[in-house]
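Worksheet: one structure, shown below.
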Amino acid sequence: MSDLGDWFRSIPLITRYWFAGSIAVPLVGKLGLVSPVYLFLWSDAFIHRFQIWRPITATFFFPVGPGTGFLYLVNLYFLYQYSSRLETGAFDGRPADYMFMLLFNWICIVITGLAMDMQLLMIPLIMSVLYVWAQLNRDMIVSFWFGTRFKACYLPWVILGFNYIIGGSVINELIGNLVGHLYFFLMFKYPMDLGGRNFLSTPQFLYRWLPNRRGGVSGFGVPPASMRRAAEDQQGGGRHNWGQGFRLGDQ
């Protein structure tokens with residue numbers, strides 16, 4: 001148990017709480033401590049019955065069962081792996097900026113979910129984070145099933161197909177990819193590469209709540225080349241084997 005506790009405490013702060021919530025809330029629903037009907041995102045209940053907790057619980061909840069358990073575990077792995085990599089890579093020392101990215105993506109996904117009657121938001125949010133990581137490391141070579149190798153920029157679309165094969169919904173993954181692209185475009189591509197204005201910036205209250213560490217730079221923009229190289233060196237330092245023949249995110 002001490003080894004498990006040490007591993008859990010080693011997870012970056014924001015990812016740790018997100019990861020823990022994504023285990024605790026499905027467990028609460030599975031054990032019947034709270035009826036799962038109160039954990040889904042239902043627009044009528046949210047808007048007309050003022051059940052304002054639903055966008056939050058729908059972000060963490062997943063109906064785990066014999067037909068969905070593998071899909072849940074795979075996406076829980078994606079959450080741990082790529083959220084940790086972003087938080088300790090491009091956003092290292094800037095927890096407020098990382099929290100703002102999650103909040104921006106989450107708000108976009110909640111609005112889309114209400115408009116499209118999406119009841120579960122876990123996979124779209126995970127995919128949006130994975131998409132941002134893939135774009136910031138787009139030239140990194142990653143390995144997937146059976147030793148297939150390709151550039152990281154294609155990884156979100158490969159996983160979209162993979163999740164569909166194992167029982168996911170293309171819509172959930174697609175919404176996540178599109179929201180991730182919107183964030184990446186507004187924060188990095190448009191202001192830095194295309195010379196446009198910066199439409200988004202981290203609110204000051206997040207900096208007061210989550211101050212920068214080790215001299216991290218406030219605000220957004222393409223991470224400095226030294227930071228990107230350090231992140232790539234860190235991320236490529238070892239192979240992550242997850243089951244026989246399933247190596248995801250290796251350099």
(request) Run the quick spin-label model on residue 107 and residue 73: label points 7 Å from Cα toward the beta carbon, then report their separation in nm to one decimal. (result) 3.7 nm
(request) Choose one of 70, 182, 99: the residue whose Cα lies farthest towards the positive end of the charge dipole of the range 53-193 (beta-carbon charges +1 Lys, Arg; -1 Asp, Glu; about the Cα centre). (result) 70
(request) Please work out the average accessible area per residue across the range 1-123, using the 1.4 Å probe convention, and give it in Å². (result) 46 Å²
(message) Leaving out ligands, DNA and RNA, and with a 1.4 Å probe, what % of the accessible surface on the range 128-173 is carbon or sulfur?
(response) 64 percent
(message) Per 0.36 nm of contour for each residue apart, how much would the distance between residue 2 and residue 189 grow if the chain were fully extended, relative to their Cα-Cα spacing?
(response) 63.0 nm
(request) Show the residues, 5+ positions off or on another chain, whose built amide H is closer than 5 Å to the amide H of residue 150. (result) 142
(request) Could you look at the range 8-115 and say what percent of its accessible area is carbon and sulfur, using a 1.4 Å probe and all protein chains? (result) 74 percent
(request) At 0.36 nm per residue, minus the direct Cα-Cα distance, what do residue 43 and residue 139 gain on full extension? Give it in nm, one decimal, please. (result) 30.6 nm
(request) For residue 9 paired with residue 169, estimate the spin-label separation in nm (one decimal), with each label point 7 Å from Cα along the Cα-to-Cβ line. (result) 4.0 nm
(message) Can you divide the C-alpha Rg of the range 28-169 by 2.2 N^0.38 Å and report the result to two decimal places?
(response) 1.12
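The values are calculated or read from the model by the stated rules, or taken from the named source; none is laboratory data. Small disclaimer: the values here were computed from a predicted structure and weren't measured. With ideal geometry, Cβ positions are generated from the backbone for all residues, glycine too; neighbour counts draw on all protein chains shown. Please note that ligands, DNA and RNA were not included when accessible areas were found on the heavy atoms of the full protein model with its side chains. Shrake-Rupley method; radii C 1.70, N 1.55, O 1.52, S 1.80 Å.
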